[in-house]
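Only the coordinates and a few stated rules stand behind these numbers; no lab work does. In this text the structure is predicted, and so the values were computed from the model without any measurement. Note that each Cβ is placed from the backbone with ideal geometry, even for glycine, and that neighbours are counted across all protein chains shown.
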Amino acid sequence: MVNRVYSKSSLIIIIFAILINNLNCKPKINFETTGLININYHTGNFKGFPGYDCCGNFTDAVGMGFSVSVGGLQNNLFTIGNTNFGLFVELAYTGAYGKFSNDEYFADVIIGNNVAKGISKHTLETSIQSFELIPGLRISNPFGIKPLFIKLSPSFLLPLSSNFRQREELISPKEATFENGSRIRNSYSGSIPQLISPIIIANLQVGYELISFNTFTISPILSFNYALNKNVKNLDWQTHSFGLGINIRYALPKSKPAVPTPPPPTDLPKPIEPKPRLPIQAKLLIESADEKKAIQNFDTIKIVKSILNTIEIKPIPAIIFYRRNDFLFGYDTIPTTNEFEQIYSENRKVIEALLSLLKRNKDITLTILCSQTEDEQPNICDLRVTRVVEFLRSNGFGDRIKEVKKISTKPKKQIPELIDELRFVQFILNDNEFIIPMENAIKSDTLLSAPRLNIQILTDEKTEYKVKGSIQFNGSEIPLNSGNYSFDLKEQLPDFNNKIIPLNVQVEIETLEDLPRKENIQSTIYIAQTSNDTSFFTYFNPFKSQNAILVALFNFDESEFYWKNPKIQEIIVKLQKQGKKVSIVGSVDNIGSEEHNQRLALARAQRVKNLVGIALPVKAIESASQNGNNTPLERILNRSAWLIVE
C-alpha cells in the first residue's frame, strides 16, 4: 500500500514537471503560489468504514482544512475582446478534516442489575492528507473587470495518509453503563480503509489582483471544490470545500532588446562651434545642514530656537509632620529650632507641590486629616488645622477644602520613630489620592538653528568683472566687493526675538571688457524667528546608581500596600516595548533586624509582582542604595516598592 502511494506520488510530480516544462516553452511564463484555509463540507449516508461497522448512521459533517500549492502559468494563450485566456498547472499539498456525530435514542444500557434504554452519541473524526495535481484554464479580466481573474480546472487528489477515530459514548442516563461496564464502547482508530485514489474534484477559483509591485502580484482568492466521486470504495461519502486565501504571482522580467551598434564615424572633421557666453548672473543661496536652495525675491527664511526642558516627576506623600505639641509646619514667622529644620524643609516641599497641583488642576478638592498622639495637649489638632486652613485660604484655596477630620491614634509598637509619625496633617485629594506628582524642571537646553546665506556671481570662466554692493540687515550694512560672499545668520542675531526682519541685497556687476556689460541685482528676503518649547518628563530617582519609579507604599511592618501607582501596568508594558530590563525592588525603613527587613522587603516586592501579573524578577533593596531614615517622610518613602529600570 505504501509503495503504491509513493509510486502514484512520483507519477503526479513527474506529470507536473512535464506540464511546467511545456508551459516554459511558451512566451511570458509566470510562477505562482497559493495558500488557502478551507471549510470542508462532508455529505454521505453510512454507518462506518468497512470492517468497523457500528450502529450509528453518519450523514453530514463540517471540518477545517488547508491547501498550499506551487505552479506555473502561461497568461496570454489567446484573447477575446478584453478577456485573456491562459493555461496553468499547480501541485498542491492539502489536508481535509471532518467530524461526524449521530445520537441514538434507543441504545441498550445497564442501570444496576437492569437493562434499560438510553441515549448514546456516535462520533467519527477523519483526517486525509494528499497531493493534488491541478491543470486548468485561467480567465483574466472577465466581464471587463480588469483586476478580476477566474481559474477553472479538474484536480486529481492522491491521498498520502489518512486517520480516523470512531466511538460511541453514553449520554443519558448518567448512572447507566454499557454492557462492558463503561460509558464508552465501539472505540476504533486507524487508517481509513479502501480510500479511492485518485479522488477527482471540480475546482473554481476567483481572485482579485490587489497589489502589484515590480514583478510580483498579490491577490486574495476564493476557492470552491466539488467532489465528483466518493472518498471510500462502496461508501456514500464525499468531501466538498470552500476556501479563502492569498495568491502570489511572479512574472519573469522581459529581456531588453539589443541596442543597435552605431555606424563608425566618418573621416570628415566636425565644424568647431563657438562656445556660448554665459550671461552675468547673481544668485542668493540659502544653505542649511541638509539642503542648499536658491532664494526668490520676498522669500522667508526661518530661524528656529528650540528649548528642551527636562522635567522630573517626583511622587511626594501629601502629608506634613510636627514635633510634639507643636502646630508650626515651616511657613511661619515664628523662629524654628535647627533640630527640626529638616522636617520643616520637607514640609515646605510638600506644601509647594500641593499649591502647584491646585493651581494646575481646578477640580481637585481636599479632605484634611489631623492626627495627634495621646501624650499631646487635647486641642493641638485644632491649632494645627486652624493654621493650615488659614494658610490655604491666604493662597486662594479655601474653597477647595471639602472636610476636616481629627483623630487620636496609638502606634503599633512603642517605638519613638512610630510615635513621631502619628503627629501629622494629611491632605487627601478627591477622597482617594495620597500622592502629589511634583514636577521639577531640572534641566533646560537651548538650540538655535539658522542657515548660512551665500551670494554667488556666475559668468563664463575667462570674463573678469567687478562687484559693488551691500547687504542691509538688522540695522547694519555689510559691503560686498567680491564674486562670492557668505555669512551665518545666527551670528548676525545676538538677541533672539519673535520678529520678522527684512534683509535687503543690492549688487552691481560690471565686466572688464571693451564693451562692458552690467547687471543690477536687488532683492528683499525676510528672516522669521520662531521658538519651539518641548518638555521631556523623567521619573524621580531616589537611588544612587539606578533609575527607579515608585510602585507602592506600605504601612510599618506590613506587606499589603495602602497605595499603588495607578499606571504601573502601562509603565511596565511601555518600558518592555522599548527593550528595557525591569525588576521590582522592595524597600524597608530599617527599624527591625536585618534578617526581618530582608524578608519584609522581598514580601513587598512579591506582592507588587502578583498585583501587576507580569513575570518580573524581585529582590530586596541594598542598604547602601537607600534613602536616609531620619525623618517621618523619609521612612514613609522607604516603606515602599520600586521599579528598577536598566
Handout entry: Positive-end residue of ASN379, ASN432, ILE319, charge dipole of region 319-433 with Cβ unit charges
Key = ASN432
Practice task
Taking the Cα centre of region 319-433 as origin, sum charge times position over the Cβ atoms of Lys and Arg (+1) and Asp and Glu (-1), and report the length of that vector in debye to the nearest 20.
Solution key: 300 debye
Practice task
Beta carbons within 10 angstrom, averaged per residue: use that to sort the peptides 218-225, 144-151, 77-84, 127-134, highest first.
Solution key: 127-134, 218-225, 144-151, 77-84
Practice task
With 26 Å as the limit, write out which pairs from LYS99/LYS233; LYS47/LYS230; LYS314/LYS359; LYS349/LYS405; LYS349/LYS402; LYS349/LYS580 have Cα-Cα distances beyond it, or answer none.
Solution key: LYS349/LYS580
Fill in the blank from the handout: With the dipole of region 104-181 defined by +1 on each Lys or Arg Cβ and -1 on each Asp or Glu Cβ, the option from LEU148, ILE128, VAL109 whose Cα lies farthest towards the positive pole is LEU148
Handout entry: Charged-residue dipole, Cβ positions (Lys, Arg, Asp, Glu), region 541-645 about Cα centre, Debye nearest 20
Key = 580 debye
Handout entry: Sorted by Cβ neighbour density within 10 Å, fewest at the top, the residues SER583, SER140
Key = SER583, SER140
Fill in the blank from the handout: When LEU308, LEU73 are ranked with the fewest other C-beta atoms within 10 Å first, the list becomes LEU308, LEU73
Practice task
Towards the positive end of the charge dipole of region 541-645, with charges on Cβ (+1 Lys, Arg; -1 Asp, Glu), say which of TRP642, LEU575, LEU611 has the farthest Cα.
Solution key: LEU575
Handout entry: Residue order, fewest to most surrounding Cβ atoms within 10 angstrom, among THR34, THR446
Key = THR446, THR34
Handout entry: In region 146-179, the GluC sites (Glu not before Pro) that fall in loop regions by DSSP, at most 12 other Cβ within 10 Å
Key = GLU175, GLU179
